[in-house]
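So the structure is just underneath, and the comments pick up after that.
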Amino acid sequence: MIPLWTKKELIKAISATDPNDNFLLKEKTEILGVSINDKTIKKGDLFIPIKGNRFDGHNFIESAIKNGAAGVIVSDFKLAKKYNALYVNDTKKALIKMAQFARKRFKGKTIAITGSAGKTSTRYITSTILKKYGETHYSQGNNNNLIGVCLTLSRLPATKKYCVLELGMNHIGEIEELTKIALPNIALITNVSNSHIANFKSEKEIAEAKSEIFLGLQDPSSVILNGDNKWSNLLHKKAKKTKAKIHFFGFKDNSKTKIIKIEDIKDGVSVSFNNIKNWHLKYLNSIQAINALAAISILNELNLDISVGMKIISEMKPLSGRGEIITINFQCKNKSFLIDDSYNASPAAMETALLSFYKSKSSLRDYETVIIISDMLELGKDTQKLHANLIPIIKKINPDILITLGSETLKIAIELNLNKKFMSYDNIEQLLKDLPKILKPKQNILVKGSNGTGLWKLINFVKNEYNYQENNNAA
């Protein structure tokens, strides 16, 4: 196996010193990975202890070594001597420098994806299909902040062909910092909405913050935008200031990846775009179909044969918490279907999920309709208004049961005046206690809410307490 980092490269990248002249030499070890977590470290990993507000990774060096760390970088000279470690002034800055060095030695194509919603799913779809075209490195889990992006890049082998990065933000300037480290050849913005608006003056300011991704573009470059998003014109103007090719996807006539139709069918969705008719996505819903077309746009900009990617996406299943369908099996052999969209919720994502759920009713007419929603967080002064905007679509769905978690969704239920069809909870533990009384055969259930409310615990509860199958279609 080719080492990810040599001692010479590492010292050059982070301007480190080796007090004992014994880093990596004692057992002739090689660095095969990079980690900041002693609990998940693998044999051959370089351990970088980061100092945080509530912890100091230097306290876990011995645990990291015991669990297989090949070497350690520290910001304490005595510890460097004790553990044959490399010494730097600041380990967090060292990680950033490693990311910058690794990105600059990488000769493949780098794709950076951001957006208010759908960026993780789009990154997942993109990285999955790109593996069929060449060796692909990509963000793992939720590694989309400064530490996460730098960790991903520090683990990037120079020999890979593609690198897919997810860039997240919750304040102005964050995307600029990330993109100038990522240096993408392709920058994709899935959409812009009022997610995290509590940290911004307006939705326009969010759009401007997302456009910071263009500041790191490396030629030859491409920008991919959602032409149907209301901020597409603003983003287009920002992108035109670069040398990048601009690629729209969506229903608009100026879209290079032009959607003709997305139709819910018995099992999944049918998509028609450009000259492609009735592309069948077996497990993805209409929301995920948009993310799939964003990924197809990336393939087009890389001049790759999209038919290969389309075939893979046709059988692709959504990530847990992002539209995955869970079939709950009861002893009486009647099933219930739970749509797990519990990972997070912005107002736009909540409205889209509810609309998609409304469409699913037509194929499950004999099923009781259950909506379980929690408050949407980080919405600032517009919190009440943005929650109230959900009332018309929930009224249209006319659920048999509405269950709310939190004070803002409680107001929705009161306004709808659902009487016996409504249950409200202040915390997730109370809801979990009552869940066995709520769940029963032949239900069509949507679970959607912000991660901070703990609604995701409901999914864990179902998986632990019930006989279930993942990723089956609800019709």
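Worth pointing out:
- Centre-to-centre separation between the Cα atoms of segment 1-76 and those of segment 396-424: 52 Å.
- Rounded if a/c under 1.5, otherwise prolate or oblate - segment 18-57, Cα gyration tensor axes: oblate
- Rounded to the nearest 20, the Cβ-based charge dipole of segment 1-92 about its Cα centre (Lys and Arg +1, Asp and Glu -1) stands at 100 debye.
- Dipole of segment 93-213, positive end: most advanced residue of 165, 108, 94 [Cβ charges, Cα centre]: 108
- J(HN,Hα) series, segment 369-376, from Karplus relation 6.51 cos²θ - 1.76 cosθ + 1.60, nearest Hz, glycine and proline x: 9, 10, 10, 10, 10, 10, 4, 8
- Ordering of 421-430, 60-69, 82-91 by packing is 82-91, 60-69, 421-430, highest average first (other Cβ atoms within 10 Å, averaged per residue).
- If only the Cβ of Lys and Arg carry +1 and only the Cβ of Asp and Glu carry -1, the dipole of the chain around its Cα centre is close to 980 debye.
- Helix-only arithmetic for the chain: the sum of -39500 (n - 2.57) across DSSP H runs with n ≥ 4, divided by the residue total, places the mean residue ellipticity at 222 nm at -10000 deg cm²/dmol.
- Exceeding the 26 Å Cα-Cα cut-off - candidates 42/97; 39/132; 361/463; 82/160; 7/92; 411/433: 39/132; 82/160
- Highest-first arrangement of 455-464, 152-161, where packing means the average Cβ count within 10 Å: 152-161, 455-464
- Segment 187-264 and segment 290-320 have Cα centres lying 18 Å from one another.
- Segment 258-359: GluC sites (Glu not before Pro) falling in loop per DSSP and having at most 12 other Cβ within 10 Å: 315
- Rounded, prolate or oblate (a/c below 1.5 giving rounded, otherwise prolate when a/b exceeds b/c) for segment 189-347 by Cα gyration tensor: oblate
- By average C-beta atoms within 10 angstrom, highest first, the peptides 202-214, 115-127: 115-127, 202-214
- Annotation note: trypsin sites (Lys or Arg not before Pro) in segment 223-274 located in DSSP loop regions with a Cβ neighbour count of at most 16 within 10 Å are 230, 240, 241, 243, 252, 256, 266.
- With a threshold of 27 Å on the Cα-Cα distance, the over-threshold entries among 93/204; 201/245; 385/421; 12/51; 12/131 are 93/204; 201/245; 12/131.
- For the listed residue pairs 395/442; 180/252; 119/230, the alpha carbons are over 29 angstrom apart in 180/252.
- All aspartates and glutamates inside 19 Å of residue 104 as judged from Cα atoms, apart from same-chain residues fewer than 8 positions distant: 9, 135, 166, 176, 177, 219
Read-outs throughout are calculated quantities, based only on the coordinates presented, and are distinct from any laboratory measurement. What you see is a predicted model; the values in this text were computed from it and never measured. Glycine also receives a Cβ, built like all others from the backbone with ideal geometry; neighbour counts cover every protein chain displayed.
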